[in-house]
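Single-structure report; data block below.
The values are calculated or read from the model by the stated rules, or taken from the named source; none is laboratory data. These numbers were taken from a predicted model, which means no experiment stands behind them. When we count neighbours, we look across all protein chains shown, and the Cβ atoms used for this are built from the backbone with ideal geometry, even at glycine.
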Amino acid sequence: MALVSSIHVDAGWQMPDMSLTDIHGNRVALKDQLGENGLLVAFTCNHCPYAIAVWPRLIRHAASLKKMGINTIAVNPNIHPDYPADGVPAMAEKIAEWGVNFPYLADATQDVARAFEAQCTPDLYLFNADGRLYYHGRIDDYWKDAARVTREELVSAAELLVAGQNAPQPQHPTIGCSIKWKQE
């Protein structure tokens, strides 16, 4: 497991018009997932310890964001033959086990992860209602233990977004396991 951090992506960047598949093989267009006030796109997976630690918070925050008019989707870019724990069957198991109540989508080609310049799991992108990047940063200030969090950075950013205010600065990068890129 290689620890990496997300890279800077310019605010205002337009979310690409791309599609992914759900665990049943149905196509899901990113633009169709935008809520009244925006969309959180979380690149994540099933086996990375960083992603596993953040999943409960992601699920909890998705419910709060939904009340703000912001939808959430999770994207698994690690659909890779060397990582069966991240495969689509395992995703279906985790959806049931963790009670994931938003789309958890497979990026089997890794084209979406590449378009976003995603680097790690988790890697979070919060878009406004127009599909423009508003926040690209960590979920909070202590990934390892929710009990030790002192700053809820994602939720705070969402509140500012909904209030029509400028995005928070600085936006701290996320850290996590490197995406398991396929050889081209």
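When region 58-85 is filtered for residues that are outside any helix (DSSP H, G or I) and within 22 Å of Lys182 (Cβ to Cβ), the ones remaining, listed by number, are Ile73, Ala74, Val75, Asn76, Pro77, Asn78, Ile79, His80, Pro81, Asp82, Tyr83. Which one of these does Ala129 not meet: (1) surrounded by fewer than 23 Cβ atoms within 10 Å (Cβ to Cβ); (2) small (Gly, Ala, Ser); (3) in a loop (DSSP other than H, G, I, E, B); (4) under 16 Å from the mean Cα position of the chain (by Cα)? With (1) surrounded by fewer than 23 Cβ atoms within 10 Å (Cβ to Cβ); (2) small (Gly, Ala, Ser); (3) in a loop (DSSP other than H, G, I, E, B); (4) under 16 Å from the mean Cα position of the chain (by Cα) applied to Ala129, the lone miss is (4). Checked against the criteria, His47 counts as in contact with an Asp or Glu (Cβ under 7 Å, 6 or more places away or on another chain), at pLDDT below 95 and not polar (S, T, N, Q). Scanning region 159-184 for residues that are under 14 Å from the mean Cα position of the chain (by Cα) and not polar (S, T, N, Q), we see that the one that is farthest from Cys45 (Cα to Cα) is Pro173.
Of all residues in region 93-108, those that are more than 17 Å from the chain's Cα centre (by Cα) and small (Gly, Ala, Ser) total 1. Among the conditions (1) in contact with a Phe, Trp or Tyr (Cβ under 9 Å, 6 or more places away or on another chain); (2) crowded, with 22+ Cβ neighbours inside 10 Å, the only one that Ile59 does not satisfy is (2). Total residues in region 23-50 satisfying the condition of being under 26 Å from Ala96 (Cα atoms) and touching a helix residue (DSSP H, G or I) at 6+ places or on another chain (Cβ under 9 Å): the figure is 16. Among the residues of region 21-53, those identified as small (Gly, Ala, Ser) and in contact (Cβ under 8 Å) with a residue 60 or more places away in the chain are Gly35, Gly38, Ala42, Ala51, Ala53.
If you go through region 52-87 and keep only what is under 13 Å from Gly38 (Cβ atoms) and of a type in the set (Val, Ile, Thr), you end up with Ile70, Thr72, Ile73.
For region 145-179, the set of residues classified as loosely packed, with under 11 Cβ neighbours inside 10 Å and not hydrophobic (A, V, I, L, M, F, W, C) consists of Asp145, Arg148, Thr150, Gly164, Gln165, Asn166, Gln169, Pro170, listed by residue number. Among the residues of this structure, Arg148 does not count as one that is touching a residue at least 12 places away in the same chain (Cβ under 8 Å), out of contact with any helix residue (DSSP H, G or I) (no Cβ under 8 Å at 6 or more places or on another chain) and over 18 Å from Val75 (Cβ atoms).
Counted as qualifying within region 9-57 are the strands (runs of 3 or more DSSP E) with 2 or more residues that are more than 26 Å from Asn166 (Cβ to Cβ), namely 19-21, 27-29.
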